1. Per 0.36 nm of contour for each residue apart, how much would the distance between residue 257 and residue 126 grow if the chain were fully extended, relative to their Cα-Cα spacing?
2. At what distance in nm do the modelled label points of residue 619 and residue 185 sit from each other, each positioned 7 Å from its Cα along Cα→Cβ?
3. At a Förster radius of 41 Å, what calculated FRET efficiency corresponds to the Cβ-Cβ distance of residue 155 and residue 277, to the nearest 0.05?
4. I need the shape label for the range 309-399. Rule: rounded when a/c is under 1.5, else prolate if a/b > b/c, else oblate, with a, b, c from the alpha carbon gyration tensor.
5. Dipole of the chain (Lys/Arg Cβ +1, Asp/Glu Cβ -1, origin at the Cα centre): which of 314, 416, 217 lies farthest to the positive side?
6. So for the pair residue 701, residue 198, with labels modelled 7 Å out along Cα→Cβ, what separation do we get in nm?
7. Using +1 on the beta carbon of Lys and Arg, -1 on that of Asp and Glu, and nothing else charged, what's the dipole of the chain about the Cα centre, debye to 20?
8. Kindly identify the range 428-507 as rounded, prolate or oblate by the Cα gyration tensor criterion: order the square roots of the eigenvalues as a ≥ b ≥ c, call it rounded if a/c is under 1.5, otherwise compare a/b with b/c, prolate if a/b is larger, else oblate.
Amino acid sequence: MQNSENHITLITPTAPMAVATHGGRAKCLQRLVRMELPVPLTVALSFRAVKEIAAGRMPDLSELTSVFDGGALLCVRPSSEDPDWGGPEAVLNIGMNDATYVELSDRVGQEAAAQLYLRFVKYFSVHVARLDPDAFDEITAKGSEGLRAALAAYEEETDEPFPQSREKQLAEVLRSMARAWEGTSARLLRQAKGAPADAGLGLIVQQMVLGIGAGECGSGVIQFVNSDTGQPQITGRYLSQSQGREALLQREALYLECDARGPSLQEHAPQAFDELLDFGARMRRRLREEMEIEFTIENGHAHIIDGLRVKRSNRAALRIAVDLAESGVIDRAEAVMRIQPRALSELLHRQVDPTAKRDRIGRGVAASPGAATGRIVFDSAEAQASAARFEACILVRRETQPEDIRGMHAAAGVLTERGGMTSHAAVIGRGLGLPCVVGVEDLRFNLRKKTLVTKDGRLFKAGDVITVDGTTGDVLAGEPAMLEAALDDSLQTLMEWADEFRDIEIRANADTPADAQTARNFKAQGIGLARTEHMFFEADRLTAMREMIFADTAEDRRAALDRILPMQRADFIDLFRIMQGLPVCIRLFDPPLHEFLPSDRGGLLNLAEALDLPVSDVTRRAEQLEEYNPMLGLRGVRLGVTVPEIYEMQARAIFEATIEASREGEPVVPEIMIPLVSAKREVELVKTRVDAVAAAVRTETGRDFTYRLGVMAETPRACLRAGDIASHAAFMSFGTNDLTQMTYGLSRDDAGRFMSAYVTEGVYPEDPFHTLDLDGVGELLQLAAERARETRPEITLSICGEHGGNPESIAFCRSAGLDYVSCSPFRVPGARLAAAQFALMDNRTS
Ligand code: PEP
Ligand code: MG
């Protein structure tokens, strides 16, 4: 059967049918039919047919129903393009009427038949005829007595007997399902899941295999992998004398495989169980996917009612893709294409084992993914002490402040009473890959008494063990079982495959040895940006830094910086050693100097004491350094030109560290990056001085080394003059944070206040600080890349702003011919995967 425009189609191996016209369920059933699996007779209604029905134009159903056995019961299920978009609930047992009731009573017994009929009458009355649900909820009697009451209630409410014609029942069901799809709430719900406004609904009408009757009859659901982990595991349930998915709801349902917990289908009906295993294996191979099968057993034999892609966590999705490729069902490229780069973030951190018992004592905002267990500490000093004893701790604060940074480094996880996704703890936690839950409302934080009290009065003191789950926002008592992150072999495997296809390098932005180690673990191909300024904020250097700021002569400045030099050298030796064999790009000092001076009176007084100067001197100097617009003021290379001693000290520290780190392994070739350049002459001046320092270090040590000097292109002028500037630069890295700020004239620190209004109003399609603005900033970048390459074809080009880890931006960087992108360490795996996917997509279309 096939109506003229293929809108009502019997599913046969060759019937014209596509996901885009009939939905995923119809297409999947056709595939199963092609495999000659025992699928009951099914007719598919296209999106167009369903739309017509919703508009009140019912097709001729006599032709449709003529393909089914005369007295057979039917069911209707939705078939949308993407199963995640939802759809109306399946309706079973259409065709139930007084005659089939009598006939079924003979076959399956009167009570069972009455139960089927009753359920259908209730469902039809409430969901299809839209009668008052109370009238039917009141009917508590089961079996034939309940049935009599329900039929009477229907008649009472409608003044008509319950429809007896299968065709009429079907027409009503189709109409109500078609209209439900058109309803506003259904539309909003699916649009929230990514469905387009005009998403269509198909319907399938299927002859029912009853699941009730003589011999072994029943229904169930089976899948062959665990939905949380993706590990092979037969899961599901089976219930004798049941229909649909009832087995999943009933306690007396059987396990599928032999199970110590209770009786199983394997023991009860081994032949049907073996059939299911066989169907499952064939479906996996042919559909190239892990499938969940809804099945019915009739007289000992299994029938497939429905096949659905197994629901899965991100972790499971990854394992399934890798397992399918390893068993030759799909190829590696396809496995790489199947995983969303953004989904990796959840996998890169330790997680609470989904099967572990969770003793939840509080819940807050899941601010930084991953889970950590440790003893409660209430301040940063305790956290550091705990770390010194190699004891994991959870830092509990009202809210973290900048001075908590050391405590955060020392802690395994952070828990704060206040805050949201962008609060200090959240931002720093994500940067460090530190699990973090903030804004916990249902725990009372008593920081003076050093206790946490749950709603039901449980008390947790300093030293007690808790777990923060930054993936879900849960706070748990004790130490649940964990799943390790990087140890997941399927993640490593997929990453290795991704690297086979990838054609752009991925580096990491890393400032500390811990960052560098993470970058190395995630197989970053070097450090693309080591910001050096935070190194000057360490307590032991801050004083020397301030002395340098207050010095009147170059000599005095040098003397102050000489005290920082060995510490800075040690910083670089650490980075070089960890990244041995890979490039490390160190950015010279960038921020304005006034950031190193206290701003309040108390701080100025302390500083005056420390420097042995009158407060008035200190205050005056601080005032002199103040700028109206420091981000556009004396910072970056401008400091390098006007206070050259800082860059000279840094260059020396880099070269001495290079020599030191090269003693033990491969020679290190450092990259030195000059920030905020806007003119060629700036580069010339800095280059001359850096070269002079290199020459001096070579002479002093008698050791040779090489290095590369490059620029950060983060002002529009640097992009426009890239041809000029490139003549002195071995590499050019686009600092798209500042470049976006300056291209738009939009403060990166203040734009958050009105960004959402701008995006909502459609002024910007996205926040340009998150997603690279391809039209404006992107054009500058492209133009700079072209001009730079014209002058110096071998120049290395890259991006190191926040955008480096964003998949859309990576696509752009590839197309602009950049050599690498650099992003924060925890984004490296996602970037590796995204880059591989873009390369694969290009290969497919070329
Ligand atoms: C940039 O501006 O893009 C950049 C990477 O540097 P920072 O964020 O340190 O200014
Ligand atoms: Mg910058």
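The values are calculated or read from the model by the stated rules, or taken from the named source; none is laboratory data. The shown structure was predicted, so the numbers you read here are calculated from the model rather than taken from an experiment. Positions of Cβ are generated from backbone atoms using ideal geometry, with glycine treated the same way; all protein chains shown enter the neighbour counts. Side chains included, ligands, DNA and RNA excluded: accessible areas come from the protein's heavy atoms. Shrake-Rupley method; radii C 1.70, N 1.55, O 1.52, S 1.80 Å.
1. Contour length minus Cα-Cα distance gives 43.4 nm.
2. With each label point 7 Å from Cα toward Cβ, the separation is 6.5 nm.
3. It comes out at approximately 0.30.
4. Prolate, because a/c is 1.5 or more and a/b exceeds b/c.
5. Among 314, 416, 217, the one farthest towards the positive end of the dipole of the chain is 416.
6. Here the modelled spin labels are 6.8 nm apart.
7. 800
8. In terms of gyration-tensor shape, prolate.
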